[in-house]
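Asker: Below is the structure I would like to discuss, written out as structure tokens.
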Amino acid sequence: MTNAEKKAAHKCNIKDFVTKFSDPKYKTNNRKQLDEVIDYLARYGMNGSKVECSFDELLLTAKNMLLSQAAEHHLDETNTEGYGYLGNLNAQEEYDLRGFILNPVSTIKDKFANYDPYRKLQGETDPDKIKYYKDLQANAKRIGNLIKDYTEDTENEKKISTYLEVVTKIQQNLPPTTKSLDQALESNRGGVFERMFSTTSRQFTNFKTAFKDFRNPNSVYLGDINHLEKETKAYLHHVMPSFKVTDDLPTPEQFATLSGTQKGRAAFCINVLRSIKATKEIEPLKENVTEALQGQFLYNHDIVILDKEEQAPFQEQIDNDIKKAEPEVKNNKDDALLNDSVDESKELEDEMFEALTK
């Protein structure tokens with residue numbers, strides 16, 4: 001492995017994960033995406049990896065992203081696929097992805113308990129790659145032993161889903177050199193005078209507080225998309241009076257009137273508003289997909305909901321069909337394929353402006 005390959009294989013943060021798995025290639029072919037997601041999760045806390053998030057956050061981000069991608073098929077009104085459609089997958093892949101979306105904790109625990117990346121090493125002679133995959137397997141089993149079962153809180157899960165959706169979309173629009181949301185905010189600090197004399201506007205302080213609360217599991221504003229939108233628009237109106245809080249987004253002309261710190265902060269706020277708008281569009285579709293995956297099946301144009309007793313023989317039949325259609329699946333149940341500091345300069349700020357206002 002080259003030094004660049006080693007560095008890439010040990011990255012473990014939300015921004016890197018979002019960037020990797022937002023690749024447009026998965027929209028046309030997501031057959032190996034879940035395998036690669038599992039590989040990424042397996043590197044969490046591995047020797048040589050720099051952890052920059054909690055495992056819970058990374059796992060739920062993965063679950064939410066895969067669910068969101070399934071829902072995005074239905075943003076196209078001409079789409080004729082049912083809400084249970086997860087992509088052009090074979091039976092085993094569809095079964096695994098459905099399980100991961102509906103119960104990521106128990107699914108990843110099972111996957112890690114049986115994690116075996118050695119098929120990736122067939123014919124491999126590079127000692128670095130061999131060591132990496134051995135370390136990855138050991139690390140996956142270590143994480144699997146630490147994972148605890150949890151009781152689902154439906155209302156809280158919905159708040160977390162909204163928070164993750166907005167945050168993921170914000171991350172997708174950050175410049176490649178910006179690794180986190182906190183770093184994005186930090187890069188837009190005021191100058192020495194502002195920091196020394198605490199002249200930051202009340203509106204921006206309120207926005208930062210709202211943004212922090214939106215991501216805080218212990219806050220009453222966790223996932224409160226309306227509260228975050230209100231404070232975001234209030235700051236934009238403060239720096240661009242012609243922008244009204246009833247407007248959708250600032251115009252390019254309004255944005256062009258800003259400069260310096262205000263421009264950087266406004267660019268980030270525009271990113272937030274765009275992410276909120278996109279989230280409001282996708283969340284109802286995610287609910288439809290979840291309901292479909294939980295056991296709603298369309299037979300002769302009638303919806304049949306299977307209860308737990310009916311699910312068992314139904315799942316047994318699926319398993320039998322899989323074995324008949326794909327004999328190799330039995331032996332490859334967990335076919336997981338393993339596929340610094342930042343200069344906060346004006347160049348970084350300009351890159352953000354360009355990405356958000358083009």
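Asker: Report the full-extension gain for the segment Lys32 to Asn103: residue separation times 0.36 nm, less the Cα-Cα distance, to one decimal in nm. Each step should come with its number before you reach the end.
Answerer: Details: separation 71, 0.36 × 71 = 25.56 nm, distance 1.91 nm.
The span from Lys32 to Asn103 would gain 23.6 nm if fully extended.
Asker: Show me 10-18, 24-32 ranked by packing, highest mean number of other Cβ atoms within 10 Å first. Walk me through the numbers on the way to the answer.
Answerer: Values: 10-18: 19.1, 24-32: 12.4.
The most tightly packed comes first, giving 10-18, 24-32.
Asker: A further question follows. Could you list, in their original order, any pairs among Lys32/Lys179; Lys25/Lys134; Lys6/Lys109; Lys159/Lys280; Lys15/Lys159 whose Cα atoms are separated by more than 18 Å? Each step should come with its number before you reach the end.
Answerer: Details: Lys32/Lys179 25 Å; Lys25/Lys134 28 Å; Lys6/Lys109 26 Å; Lys159/Lys280 13 Å; Lys15/Lys159 21 Å.
Pairs exceeding 18 Å: Lys32/Lys179; Lys25/Lys134; Lys6/Lys109; Lys15/Lys159.
Asker: Also: In nm, give the distance between the simple-model label positions of Lys212 and Ala138, each being 7 Å from the Cα along the Cα-to-Cβ direction.
Answerer: Between Lys212 and Ala138, the label points sit 4.0 nm apart.
Asker: Subtracting the Cα-Cα distance from 0.36 nm times the residue separation, let me have the gained length for Lys131 to Thr257 in nm, one decimal. Let's see the in-between values first.
Answerer: Details: separation 126, 0.36 × 126 = 45.36 nm, distance 5.48 nm.
So the extension gain works out to 39.9 nm.
Asker: So what J values fall out for region 66-79 if you push phi through Karplus, 6.51 cos²θ - 1.76 cosθ + 1.60 with θ = phi - 60°, rounded to Hz, Gly and Pro as x?
Answerer: Rounded to whole hertz, the list is 5, 5, 4, 5, 5, 6, 4, 4, 9, 5, 7, 5, 7, 5.
Asker: What is the spin-label model distance, in nm, from Asp23 to Tyr85 if the labels are put 7 Å beyond Cα along the C-beta direction?
Answerer: About 2.4 nm separates the two model spin labels.
Asker: For Asp39, what accessible area in Å² do you get when you roll a 1.4 Å probe over the heavy atoms of the protein chains, rounding to the nearest 10?
Answerer: Its heavy atoms expose roughly 10 Å² to the probe.
Asker: Another question about this same structure. Pop out the carbon and sulfur fraction of the accessible area of region 191-283 as a percent, whole number, probe 1.4 Å.
Answerer: Details: 2550 of 4780 Å².
Using a 1.4 Å probe with all protein chains present, region 191-283 comes out at 53 percent carbon and sulfur.
The values are calculated or read from the model by the stated rules, or taken from the named source; none is laboratory data. As the structure is a computational prediction, the values presented were derived from the model and not from experiment. Note that each Cβ is placed from the backbone with ideal geometry, even for glycine, and that neighbours are counted across all protein chains shown. What goes into the accessible areas is simple: the full protein's heavy atoms, side chains included, and nothing from ligands, DNA or RNA. Shrake-Rupley method; radii C 1.70, N 1.55, O 1.52, S 1.80 Å.
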